[in-house]
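Taking it in order: structure first as structure tokens, then the write-up.
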Amino acid sequence: MIKHLGLTGRILFSFWVTLILVVISMPIIFWVDRNTTDVKPEIPPIELNDRLTLKLLTEDYSKVKTWFAQQPKRFSKRIYVQYRNEEILDRELPRSLRRISDNLSSSRPFIHRQRFDQLFVGRYLLMPNGEYARILIRTHMKPPPGHGPFRDNVIGIVLMAIVISGLISFVLARHIAGPIKIVRAATRQFASGDLSIRVKGQLEPSHDEVYGLAEDFDSMAERLEKTISSHKHLIQDISHELRSPIARLQLALALAKKKLQLSDDQEDFLRIEKECDQLNTIINTLLNLPAYELDPHVLTLEKHDLVACLNDVCQDLRYAHPHAAIQFDHGDQEQVTVSLNEPLFRSAVENILKNAITYHNGSDPIEVTLSIKADSAVVEFSDRGPGIDDSKLDDIFKPFYRISEARDRRSGGYGLGLAITKRAIDLHDGIIRAHNRTGGGLTVHIEIPKKVSSASP
């Protein structure tokens, strides 16, 4: 029956079971208390009071005191005698009887008061020697009330409730936490890249919310696995379709060189060959970018000379854009070795420089500077374009973000170029940000926080 209850129903069921067990345990506590305690019927101290009064009227007080001390305590504890401002057994007078004692006198020799289930009696007694004694009695008028057993056994009831509720709560917590731990482990495994993990088969069939969560997780995992698998096949198909015309172009280029009997050092043909090879590399890098983001460990980082890499990119862009002036300043550093995925990093740098070329104004060159800071290499790209509003500097690295100012009017703004650049720098554990230059223009700052080695002339 419990298996057919939802999670809420199981919690309510456990609550009611706890309550029922606590109620059932109460008679047991009362029975144990009754059998372990020396319980004797309480006899009102009327007879003892009469005998005490008679002795006070006929015998010496010292003998009466000795006799009273020998009486059963369960009876004598309710009777107090005050003589010459001293209590017969040297006990402290209860507060409830103290007020009665203060009001007793020869003009008011008898006082009685009732409070709830207790009766308080005071008597002013003239003794044979002419002195007065006060007899004070505190006793019950009726049996203890119904809540008495609960009041007397409150500690046992509380302890029993704690034990029962603790055991049931422990079992319930284990019952609930067990499936949740399985789901949590599966989500971690799924996040690590194992898309084949499923949860439903690891749990016992039930109708609670956790089992429903497992079913939803399996459905989500199955759809994501199909989507990613389809995406991988699409990447492979696109890669094949893109490589085929490039391969044909390279073959045609080789045949043209042979047919025209051109030398191997012909500059234009060498440039075409280089661009074809680079295009192949860029296609592989960009098509693998989603896989790199899914599992950064797939990204291969190798030692490269950052100075040579940046210089090569600048030369390629100068060739493609003869009108653009690009100035590369690497200071006194002739070689800076860092860990890079060169095709991915080249793509990021090209995107920045292409944007700078598009929006650059004036005769001043686009500035590319390289510097070393602690354990990182810093590259900055500065143009003299219209710049960007300071509130939108972080947004230009978002995919498909477009701004409607000077940059947007020229070519539609920053689309995917800077978004891909940011993803590439992030995969290198780097930092990329932009800020406006003093006097106009934009500077894009890249920092690769890796251990670097540099060589100066």
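The values are calculated or read from the model by the stated rules, or taken from the named source; none is laboratory data. All of these numbers come straight from a predicted model, not from anything done at the bench. So basically every Cβ, Gly included, is an ideal-geometry build from the backbone, and we count neighbours across all protein chains shown.
Numbers for the structure displayed
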{"item": "Options Val199, Val163; residue that is under 30 Å from Phe13 (Cα atoms), modelled with pLDDT of 80 or more and surrounded by 11 or more Cβ atoms within 10 Å (Cβ to Cβ)", "result": "Val199"}
{"item": "Residue count, region 333-354 (criterion: more than 41 Å from the chain's Cα centre (by Cα) and either among the small types (Gly, Ala, Ser) or at pLDDT below 85 (or both))", "result": "2"}
{"item": "Filter result (of a type in the set (A, V, I, L, M, F, W, C) and surrounded by 14 or more Cβ atoms within 10 Å (Cβ to Cβ)) within region 314-342", "result": "Cys314, Leu317, Ala324, Ala325, Ile326, Phe328, Val336, Val338, Leu340"}
{"item": "Given (1) under 24 Å from Gly362 (Cα atoms); (2) modelled with pLDDT of 55 or more, index of the condition His428 fails", "result": "(1)"}
{"item": "Residue check for Glu350: part of a helix (DSSP H, G or I), under 17 Å from Ile326 (Cβ atoms) and of a type in the set (Asp, Glu)", "result": "yes"}
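Quick grid of which residues meet (1) among the charged types (D, E, K, R); (2) assigned by TED's automatic domain parsing to the domain that holds Lys422; (3) farther than 17 Å from His428 by Cβ:
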site	(1), (2), (3)
His321	no, yes, yes
Gly331	no, yes, yes
Glu367	yes, yes, yes
Ile372	no, yes, no
Val379	no, yes, no
Ile388	no, yes, yes
Asp394	yes, yes, yes
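For every residue, the table says whether it meets (1) outside any loop (DSSP other than H, G, I, E, B); (2) free of Cβ contacts under 8 Å to residues at least 12 places away in the same chain.
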residue: Asp50; (1), (2): yes, yes
residue: Trp67; (1), (2): yes, no
residue: Gln71; (1), (2): no, no
residue: Val81; (1), (2): yes, no
residue: Leu89; (1), (2): no, no
residue: Leu97; (1), (2): yes, no
residue: Ala133; (1), (2): yes, no
